[in-house]
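For reference, the structure discussed in these notes is given below.
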Amino acid sequence: MNLLLIDELYLCSLNKKGKISGSSNKLNLFLAGLMTLKLEEIIGIENQRIEVITDLPADLERLQVLYNLLKTTKSNKVVDIYSKFESSMDGKMIQFFEDVGDYLNEKRIVELQRGRKGKIIQQTNKYIPNQAKVDGIVQRIRAEVLEDDIMTEDTLLLVYFLDKSEKLDIYFSKYEQSQLENKINQIKNNSESLELTKIVKAINDLESMIAVFTVLLMSHGS
């Protein structure tokens with residue numbers, strides 16, 4: 001069974017308690033969800049704006065919350081969509097995380113420990129990762145980097161998001177991290193990898209826009 005970018009990042013982002021924590025993890029999972037939809041040719045991303053191209057197929061139902069948000073938000077700017085995703089009073093972000101977690105539980109890649117719902121909207125379910133599955137993802141990355149295989153789009157983006165989430169040092173040695181950086185730089189400088197370079201640049205632009213928006217929002221609130 002092939003896992004998609006969002007599935008693998010989610011699996012590698014779960015903490016020991018089986019939850020997603022930290023603002024950088026949440027932002028990167030949101031962006032990974034967008035990039036998964038882009039790689040599956042469900043949406044297009046251009047100049048920090050989203051265009052929905054086609055309907056969401058049944059096998060991507062775990063991304064329904066995110067897809068619906070893209071369809072219904074008046075603005076197609078990524079920064080506005082993320083703002084609504086993160087701050088939604090009906091818990092869109094938590095529902096998104098739990099939908100992906102439930103999918104992985106159905107595939108027996110995580111173990112679901114269902115929590116009790118309270119009045120406060122928060123993540124209550126725990127998804128304990130199957131360590132063998134996590135190790136398999138790490139070994140595949142090592143193979144593509146250290147054994148000089150071709151790095152796929154999904155792997156490059158997974159490495160990128162793990163780096164942004166400060167999780168590379170959990171899974172890779174300093175030497176391996178250096179090799180990963182070298183491989184990514186080679187891809188960036190390779191004209192045949194132009195599309196991958198564009199994708200990475202697009203994510204950098206999206207993160208920068210959201211970071212600026214968040215700072216401005218916090219300043220306004222104070």
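The values are calculated or read from the model by the stated rules, or taken from the named source; none is laboratory data. Remember, predicted model here, so these are calculated numbers, not experimental data. Note that each Cβ is placed from the backbone with ideal geometry, even for glycine, and that neighbours are counted across all protein chains shown.
So if I check each of LEU162, LEU196, LEU158, which one is surrounded by 15 or more Cβ atoms within 10 Å (Cβ to Cβ), at pLDDT below 85 and under 20 Å from LEU4 (Cβ atoms)? It is LEU196.
A quick yes/no check of all residues on (1) closer than 20 Å to GLU86 by Cα; (2) assigned to a loop (DSSP other than H, G, I, E, B); (3) touching a Lys or Arg at 6+ places or on another chain (Cβ under 9 Å); (4) not polar (S, T, N, Q):
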{"site": "ASP7", "(1), (2), (3), (4)": "yes, no, yes, yes"}
{"site": "SER24", "(1), (2), (3), (4)": "yes, no, yes, no"}
{"site": "LEU31", "(1), (2), (3), (4)": "yes, no, yes, yes"}
{"site": "LEU37", "(1), (2), (3), (4)": "yes, no, no, yes"}
{"site": "ILE50", "(1), (2), (3), (4)": "yes, no, yes, yes"}
{"site": "LYS71", "(1), (2), (3), (4)": "yes, no, no, yes"}
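Among residues of segment 50-76 that are closer than 17 Å to LEU104 by Cα, those with a Cβ under 7 angstrom from a residue that is assigned to a loop (DSSP other than H, G, I, E, B) and among the acidic types (Asp, Glu), sequence gap 6+ or separate chain, pair up as LEU60/GLU40. Within segment 165-181, no residue satisfies the criterion of being closer than 16 Å to LEU5 by Cα and either in contact with a His (Cβ under 6 Å, 6 or more places away or on another chain) or surrounded by fewer than 17 Cβ atoms within 10 Å (Cβ to Cβ) (or both).
Taking ILE81, is it touching a strand residue (DSSP E or B) at 6+ places or on another chain (Cβ under 6 Å), surrounded by 20 or more Cβ atoms within 10 Å (Cβ to Cβ) and aliphatic (A, V, I, L, M)?
no
Exactly one residue out of ILE94, ILE20 is assigned to a helix (DSSP H, G or I) and either in contact with a Cys (Cβ under 6 Å, 6 or more places away or on another chain) or of a type in the set (Val, Ile, Thr) (or both): that is ILE94.
Confirm whether SER178 is part of a helix (DSSP H, G or I), at pLDDT 65 or above and polar (S, T, N, Q).
Yes.
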